[in-house]
Structures are given as C-alpha cells and as structure tokens.
Amino acid sequence: MPVFTDAVSTSVKVLSGLLAIACITLCWLFYPPIYPRNIPTIPFWVTLLPFFYDVDQEETFKRYIRKPLLKHGAVKFFFGGQWNILVQRSTYLAEIFKNEEVYQKSGNDKKLPHSVIAEYLGDNIISSRGNDYRTYRTVIKPGLQENFDPEPIIQNAQKLYSLLRQLRTDGKSAEPNIQDVLQRYSITNILTCLLNSDLSLLDDNNADLNKLQRQVKKEIFKPIFLSFPFLDRLGWLFPSRQRSRETIHAFAQELQRVVCAGHEEDSYWMASEKLGSRLFAARESGIMTHKQFRDNLNVVFVAGQENPQLAMLSALYLLGKYPDVQAKLRYEVDMCLDGDLSPVVLGKLPFLSSVIYESLRLFPPISQLVNRRVDRPVNLGDKIYIPRDTYVGYNSYATNRDPSVWGLTADEFMPERWGTNNEDILKRFRRAKARAEFISFHGGSRACLGERFALLEMRITLFILVKNCTWTLDPHWPDRMTPAGPLYPRELRLVFDHRQG
Ligand code: HEM
C-alpha cells in the first residue's frame, strides 16, 4: 500500500511540474514578461500561421501587424524562440543606425549558436562587430567598391533573355520557373564579376552549386524551426535537420571548390583586387582563419546573389502587372543609341532608376531582420524603454510603405514619385536613405556594401529585357506572395513575348 501511495504521489508531482512548466511557457508566450508596456504585442501564433495554413505573408502583415506597427512605430514580436522589438518608424530607425555602440550587431551565431541557420552563415561581415568586423570590412569592402566591368553582366543578361524567352508559355504554366533562371543568372554574375570564377550556370542547369543553394534555401526558411530554433538541438527527433546540416556543409564545400579552383591553379589573382582574390589572400596570409574565410565567402555569395535575384524578380513582377509602366520604360530604353550602354551603366536613365528604386521600396529583398542586441538599457525615441540584452530588428516592408512619409499612395507602384530628372531622383533616393525612410539597403555605417553592384546589375538586366521583349503576368498565376521568410512573389509566372524588329 505505501509503495502504491508513493507511486501516486510521484506521478502527481511530475504532472504538477509539467503543468507548471506548460503554464509558465504559455504565460511567457501570451504575455512577454520584461518588455516595454507602452507598445503592443503581436500574438506569438502569427509567426506560426504558415506552419498550419497556406498563407500569403502580405495578407498576414495587413491583417495582424500593420496597424499596431504603424500606430506605435514598434511592436513586441516573437521570433527565433524569443521576444524581440520590431521597429518600423524612421526616426527610431535613424537613431538605431546611428548608435552602433548601443544597438550592437549580433547575428545568429551569437543568438542561436546551435541552430541550422547559424551553421549556414556563421560569423560574418554582416552580423559581426568590433575587431572581427573591422578585419572583414578591410578585406571585403575594396572588392565591392571597385568600378565593375559591365561587359560580363551585359553578356549574361543576353543569355538570361534567351532563357526567359524559352519560357514563353502562351498562358500555360512555365517550367523551369523564372526564379530558378534568375538564381542561375545572379549566381553567374557574382561568380564572374566578383569571385574570379568562370563557371556559368546559364549554360548548365545541373551545376551542383545551384542545386545545393536551392536545397539550402528550402531547408532554412521552415517557419517552425525559425520560430523555435531550440528544436534544432533535437537532431535525434528531427533527422531532417541533420540532413540540413549536411546540405549546408556540402554547399560550403562546393562554393569553396568553385572559387578556390581558379586561384589555386593560377597566380594572376595575386595582383587582382577582386573580392574572391582578396578573400583567398586573407586566408592564405592568416588574416582570416579558415572558418572566417568560409563564413564570409558564404555570406557574400548568398547576399550577393539572393538579394539582387529577389529584387529583379519583384521588378519583373511589378512591370508585368503594370504594362503602362513597362511601356513607358520601353519608350525611354528605345531612345538610347543601340550598342551604347554607357548611360545605363552610369545610371543616367531617369525612369529606369525610378522603376528600380520604386520596386525596391515596395519589395525590399530583406523584408525583415532581427540582428541587433541592446548592450545597455535604452529609451528609444525617449519613449520606448528597452531592457539590456533585448533583441531589436526592423521591418523594411512596413517602413518603406509608411503613409506618413510616402503619402496615401504608399502601397502603389508609382515610379514617378521619385522625380523626373536624374538629379532630383538621386537626391530623393539619398535623402530617403539618410532619413531611414527607405531602408532596403539599411543605412548608416552598416549600410549595404553591395548596393553599387546590385544597382548596376539591375539597370543592365532591365534594360536588356525591356529592349528585347514584353511580358505580362501569366493569367493562370494566382497573384500571391511567399508564406514566410523574405517577402516576394511566390512561384511567379510570366508570359514573355519577343519584340519584332
Ligand atoms: C538589391 C540588392 C541588395 C539589397 C536590397 C541588400 C540589402 C542589404 C541590407 C538590408 C543590409 C544590412 C543587413 C543588416 O541589417 O544586418 C546589407 C548589408 C550588406 N550587404 Fe547587401 N544588399 C543587396 C546586394 C548586395 C550585394 C550584391 C552584395 C555583395 C556582393 C552585398 C553585400 C553586403 C554586405 C557585405 C553587407 C554588410 C555591410 C556591413 O555591415 O558593413 N549586398 N545589404
């Protein structure tokens, strides 16, 4: 009898313990404990919606996030297994971008060192700070600020055009899809222009690097693991996560093989200022460890091909959806002398610049990012008290569409809003960046270092496509956005037509 009583009492204790843990977890999820009380909380389950339903994140944003975010300029947001402050208001963001010492960069390698996403990009120029950051910047920045030779991009863009033309579908679904072709194009541009490799994925649909990059992307943006990254510790329960790690390892190996091959065989790279050569030399001379080399190579490759790829995809989507804008752009393009692309390279076509800025405004490739930790308690905008060690992020999709800055037409695609001549357009672009009203390229001292390259690539690509073909949205394509991760048109389908004459 006493043995039976002991067993019952132990079971009751275990059950009570589990119940208490469940209650505390639920309270913590529903009522974030230490966070500022004067900004609203987005319910934690909003981030989990894509796990249960086939959602369009533009709809999710409009339904659950936009109103509180615009009203207060910041909200409490559950992501990465913790509560964060997600900021939208430009004045707050300008303060954050200026105050690097307080709002310190802290990437996934610090926040979630055990996670699959941390294994992917490690410690790199985008997420590091202090001495490591200075070393990475010294090596990488000159490789991104050179005057790029536009010729390889022009040649690649011609090939892109031929590939897209083959997708002509007469209204039926197009295979292989546009995003895949754009990925091969943007990878080829990075490899040939920055990384000293002569591998062209435009001629080879089956290159391992492309396949592995596609596979990694599928693994990374799984909402349940993004929201609860502690699950990545449970490899025994989720064997697929172990496979994700193996895919990431294979991807990094293949990228190094492709980039290093040219450098190991040849010595001309020693005199080269190209990014690939600079990274390779930093590893050879011991300025970077092998791990630092691997992580930074991964990140410049991923940022350098993924962001322009999404930017071009969204621009093609918008131009397909708004044929009048496409026609106006074509008029400007047709005015240029054939064969002379110097005004394009120099950014001297005003409507082309406006179209690019406007599509980057509406669909920033990095639509949301949480990668800063406050080093000490701080009062953001003298209003929002943020305790030490809290993670802070931004939502550029919301900032770029703020009606108090961009007016009641903030959600509309109106390239004319940037101005009518090169000077005004550039001024507006620079001012919007400096005031953190347009944050697609971030801002302040940690602004994107690849902006120049990305804009050049976009200008040449759109010029060549608009010159050679017209396109519309495939009428069978349901106009919808991705469910989670970066926000862009999901499995976009377009119908291309070759221009005669
Ligand atoms: C349309 C294309 C692009 C967009 C929208 C974009 C956007 C951004 C953003 C938002 C950041 C800041 C991230 C943060 O908050 O931590 C960033 C940083 C960075 N980007 Fe880009 N990027 C683009 C293209 C590129 C390209 C082509 C490269 C290089 C090949 C590149 C290299 C970098 C680097 C190295 C940083 C880190 C800068 C620093 O912290 O000093 N980006 N980019």
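Scanning region 245-287 for residues that are buried (at least 20 other Cβ atoms within 10 Å of the Cβ), more than 16 Å from the ligand (Cβ to nearest atom), more than 23 Å from Lys211 (Cβ to Cβ) and at pLDDT 90 or above yields one hit, Arg283. Determine whether region 458-474 contains at least one residue that is in a loop (DSSP other than H, G, I, E, B) and on the phi < 0 side of the Ramachandran plot. Yes.
With the requirement that a residue be more than 19 Å from the chain's Cα centre (by Cα) and without any contact (Cβ under 8 Å) to a residue 60 or more places away in the chain, what does region 212-248 give you? Within region 212-248, Leu231, Leu234, Gly235, Trp236, Leu237, Phe238, Pro239, Ser240, Gln242, Arg243, Glu246, Thr247 qualify. Of all residues in region 299-354, those satisfying the criterion of being polar (S, T, N, Q) and either within 16 Å of the ligand (Cβ to nearest atom) or under 27 Å from Pro475 (Cβ atoms) (or both) are Gln305, Asn307, Gln309, Ser314, Gln326, Ser353, Ser354.
Selection over region 366-382 of residues that are in contact (Cβ under 8 Å) with a residue 60 or more places away in the chain and assigned to a strand (DSSP E or B) gives a count of 8.
Filtering region 449-460 to residues that are within 11 Å of the ligand (Cβ to nearest atom) and either in contact (Cβ under 8 Å) with a residue 12 or more places away in the chain or among the small types (Gly, Ala, Ser) (or both) leaves Leu449, Gly450, Arg452, Phe453, Ala454, Leu455, Leu456, Glu457, Met458.
Residues are listed down the side, and each one gets a yes or a no for (1) assigned to a strand (DSSP E or B); (2) surrounded by 13 or more Cβ atoms within 10 Å (Cβ to Cβ); (3) modelled with pLDDT under 95; (4) within 16 Å of the ligand (Cβ to nearest atom):
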site: Tyr397; (1), (2), (3), (4): no, yes, no, yes
site: Ser404; (1), (2), (3), (4): no, no, no, no
site: Thr409; (1), (2), (3), (4): no, no, no, no
site: Leu426; (1), (2), (3), (4): no, yes, no, no
site: Phe438; (1), (2), (3), (4): no, yes, no, yes
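Exactly one residue among Arg459, Arg480 is at pLDDT 95 or above and farther than 21 Å from Leu352 by Cβ, and that residue is Arg480. Annotation: of all residues in region 197-210 being modelled with pLDDT under 90 and open to solvent by 20 Å² or more (accessible area, probe 1.4 Å), the one that is farthest from the ligand (Cβ to nearest atom) is Asn206.
Taken across region 98-115, residues that are open to solvent by 40 Å² or more (accessible area, probe 1.4 Å) and within 20 Å of the chain's Cα centre (by Cα) do occur, with at least one present. The set of residues in region 121-141 that are more than 19 Å from Tyr103 (Cα to Cα) and surrounded by fewer than 14 Cβ atoms within 10 Å (Cβ to Cβ) comprises Thr138, Lys141. Considering region 156-171, and only residues there that are of a type outside the set (Gly, Ala, Ser) and not in a helix (DSSP H, G or I), the residue that is most open to solvent (accessible area, probe 1.4 Å) turns out to be Gln166.
Would you pick out the residues in region 319-350 that are in contact with an Asp or Glu (Cβ under 8 Å, 6 or more places away or on another chain) and open to solvent by less than 20 Å² (accessible area, probe 1.4 Å)? Passing the criteria: only Leu349. Within region 409-425, residues that are closer than 9 Å to Glu358 by Cα have Cβ atoms under 6 Å from residues that are not in a helix (DSSP H, G or I) in these pairs: Phe413/Tyr322, counting only partners at least 6 apart in sequence or on another chain.
Any residue at all in region 173-183 that's open to solvent by 20 Å² or more (accessible area, probe 1.4 Å) and either among the charged types (D, E, K, R) or at pLDDT 95 or above (or both)? Yes, because at least one residue in region 173-183 is open to solvent by 20 Å² or more (accessible area, probe 1.4 Å) and either among the charged types (D, E, K, R) or at pLDDT 95 or above (or both).
The values are calculated or read from the model by the stated rules, or taken from the named source; none is laboratory data. Source: prediction; values computed, not measured. Backbone-built Cβ (ideal geometry, glycine too); neighbour counts: all protein chains shown. The area values use the complete protein model at the heavy-atom level, side chains included, leaving out ligands, DNA and RNA. Shrake-Rupley method; radii C 1.70, N 1.55, O 1.52, S 1.80 Å.
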